[in-house]
Amino acid sequence: MKKVLVVDDSNSIRNEISEALGPAGFDVLQAANATEALACLARHQDVSMVVLDVNMPGMSGIELLERLQADGAQQTPPVLMLTTEAERQLVERAKKAGAKGWLLKPVKPPLLVSTVNRLAR
């Protein structure tokens, strides 16, 4: 079973994503911020993918992605950015940092599941 880490400061969004991915055969881990995400990734070296919110207090999702890439791009699982924003500059910055996809909230569960199935390693 592939592990997916969902990082979002909204508990309801994390639960919504977990409810979509769990029945699709994924083991879902959750983190409410970048600090929790880093700790979770350190504990779970077998994470197949990260679903990452762009706007979070403290370190943003894009800043977290840039940090993960700086720390070791080979070990970083594929990252799917999740946001309410479609600003071109943000999308380009995320792609440059290694994001493999970009989904807008509210997330449609079938699209989320098919995207994670395609990108998870």
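Annotations for the structure displayed:
- Filtered by the rule that a residue be in a helix (DSSP H, G or I), touching a Phe, Trp or Tyr at 6+ places or on another chain (Cβ under 9 Å), free of Cβ contacts under 8 Å to residues at least 40 places away in the same chain and of a type outside the set (Val, Ile, Thr), segment 73-98 gives 90, 95.
- Applying the criterion of being touching a residue at least 40 places away in the same chain (Cβ under 8 Å) and farther than 14 Å from residue 95 by Cα to the residues of segment 56-72, the residue that is surrounded by the most Cβ atoms within 10 Å (Cβ to Cβ) is 56.
- Segment 37-64, residues that are within 17 Å of residue 104 (Cβ to Cβ) and either among the polar types (S, T, N, Q) or touching a Gly at 6+ places or on another chain (Cβ under 6 Å) (or both): 52, 53, 54, 55, 60
- Residues of segment 2-31 that turn out to be surrounded by fewer than 22 Cβ atoms within 10 Å (Cβ to Cβ) and either in a helix (DSSP H, G or I) or at pLDDT below 95 (or both), as a count: 9
- For segment 55-72, filtering for residues that are part of a loop (DSSP other than H, G, I, E, B) and not hydroxyl-bearing (Ser, Thr, Tyr) leaves 5.
The values are calculated or read from the model by the stated rules, or taken from the named source; none is laboratory data. Note that the structure is a prediction, hence the values are computed from the model and not measured. A quick note on method: Cβ atoms are made from the backbone with ideal geometry, for glycine too, and the neighbour counts reach across all protein chains shown.
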